[in-house]
Amino acid sequence: MEDFILTTLAPQVKTWLDEDDLTRNFYYQKSLSSEKIKLYLKIKSPLILAGSDYFVAVFAALGCDPRVFDFIRGWDGKSFGATEVIEIPEAVPFSIALNAERLALNLLQHASSIATWTHQHVELAKKKNIKLLDTRKTTPGLRSLEKYAVRVGGGFNHRLGQTDTWMIKDNHKSCLGGLSGAFDFFQKQGALYNNTVVEIHDLAELEEAQKLGLRFFMLDNFNPDNILKAIKLKRDQDHFEVSGGVKLANLSDYLIDGIDAISMGSLIYSAPRVDISLKFKTV
């Protein structure tokens, strides 16, 4: 694979293909026909498509020319209705299609589910120009795919890892000498361009953090009434993020002027599954 994106994905795809243990039954694999067939993606529920590079990378890892799927790689973020059919224009070997089908489809469905779910939240939040963020509550091994899908759905990524941005959480405060001790710890990391975000649990802690010079605040499990009280303390340089207890059903209650962002782990772990199937036809 000469395509940089597909080459980058190749090690992950290989690991996932190993789960299917394709060489376990060599007789079966040798029996599969290499005759060309046509592929059709059937969209069975409304969705925002995402994860097409992962879909293609599976086929490419098994020896299929990725150029067969070039057209679909430009469709991430495109909306599809419940009865649409995407025809892959060029035929591919049956043996490759059969071995690729389940993994490729799983990745495409998972990403499209998250993108579709995120889009529903973003459509509400954009009325107040509030950004929606994911969290690190991701599936091990799938963080890159899941966070990519959030972006395709119109959301924004929070940290990809612990060291992208320093975040002072309860466990830091408990073990590093409270809020001031934790802030001092991260200041000494020497990461000049890393911002420091602090989890805030009440108004007194907000005022303490402001006096320490912090500017990025996560209002953790604040209800709407307490958010309004916190906003009265907001300075021009402050950035307020809300997190905890927010879901699609009550999102509108948290779309409050003065809030810059809302982070929701549920954008990823609660995304309802979209329905896509991959069908074959002989040429």
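The values are calculated or read from the model by the stated rules, or taken from the named source; none is laboratory data. Since this is a predicted model, take the numbers as computed values, not measurements. In this analysis, Cβ positions are derived from the backbone assuming ideal geometry, glycine residues included, and neighbour counts consider all displayed protein chains.
Observations, loosely collected:
- Test: residue in segment 148-169 that is buried (at least 16 other Cβ atoms within 10 Å of the Cβ), on the phi > 0 side of the Ramachandran plot and either outside any loop (DSSP other than H, G, I, E, B) or in the same structural domain as Gln187 (by TED's automatic domain parsing) (or both): yes
- Long-range neighbours under 9 Å by Cβ, at least six apart or interchain, first residue within 20 Å of Ala91 (Cβ to Cβ) within segment 258-283, second among the polar types (S, T, N, Q) and modelled with pLDDT under 95: none
- Scope segment 79-100; condition surrounded by 14 or more Cβ atoms within 10 Å (Cβ to Cβ) and either within 22 Å of Arg143 (Cα to Cα) or hydrophobic (A, V, I, L, M, F, W, C) (or both); matching residues: Phe80, Ile86, Ile88, Ala91, Val92, Phe94, Ile96, Ala97, Leu98, Ala100
- Residue match in segment 63-80 (condition: in contact (Cβ under 8 Å) with a residue 60 or more places away in the chain and closer than 22 Å to Leu22 by Cα): yes
- Note on segment 262-283: residues that are surrounded by 17 or more Cβ atoms within 10 Å (Cβ to Cβ) and either modelled with pLDDT under 95 or hydrophobic (A, V, I, L, M, F, W, C) (or both) total 8.
- Members of segment 1-50 found to be in contact (Cβ under 8 Å) with a residue 24 or more places away in the chain and over 19 Å from Asn99 (Cα atoms), listed by number: Asp3, Ile5, Ile43, Lys44, Ser45, Pro46, Leu47, Ile48, Leu49, Ala50
- Any chance Leu142 is buried (at least 17 other Cβ atoms within 10 Å of the Cβ), modelled with pLDDT of 95 or more and in contact with a Phe, Trp or Tyr (Cβ under 7 Å, 6 or more places away or on another chain): no
- Qualifying residue in segment 96-109 (condition: free of Cβ contacts under 8 Å to residues at least 12 places away in the same chain, out of contact with any Lys or Arg (no Cβ under 6 Å at 6 or more places or on another chain) and on the phi < 0 side of the Ramachandran plot): yes
- Subset of segment 111-124 [surrounded by fewer than 23 Cβ atoms within 10 Å (Cβ to Cβ) and either in contact with a strand residue (DSSP E or B) (Cβ under 7 Å, 6 or more places away or on another chain) or within 17 Å of Arg273 (Cβ to Cβ) (or both)]: His119, Gln120, His121, Val122
- Screening Asn250 with (1) out of contact with any helix residue (DSSP H, G or I) (no Cβ under 8 Å at 6 or more places or on another chain); (2) part of a loop (DSSP other than H, G, I, E, B) gives one miss only, at (2).
- Test: Ala82 is part of a helix (DSSP H, G or I) and either within 24 Å of Lys44 (Cβ to Cβ) or more than 23 Å from the chain's Cα centre (by Cα) (or both): no
- Only one of Leu132, Leu103, Leu108 that is buried (at least 16 other Cβ atoms within 10 Å of the Cβ) and either assigned by TED's automatic domain parsing to the domain that holds Arg151 or acidic (Asp, Glu) (or both): Leu132
- Those residues of segment 232-257 which are within 13 Å of Leu214 (Cα to Cα), free of Cβ contacts under 8 Å to residues at least 24 places away in the same chain and surrounded by 12 or more Cβ atoms within 10 Å (Cβ to Cβ), in sequence order: Phe240
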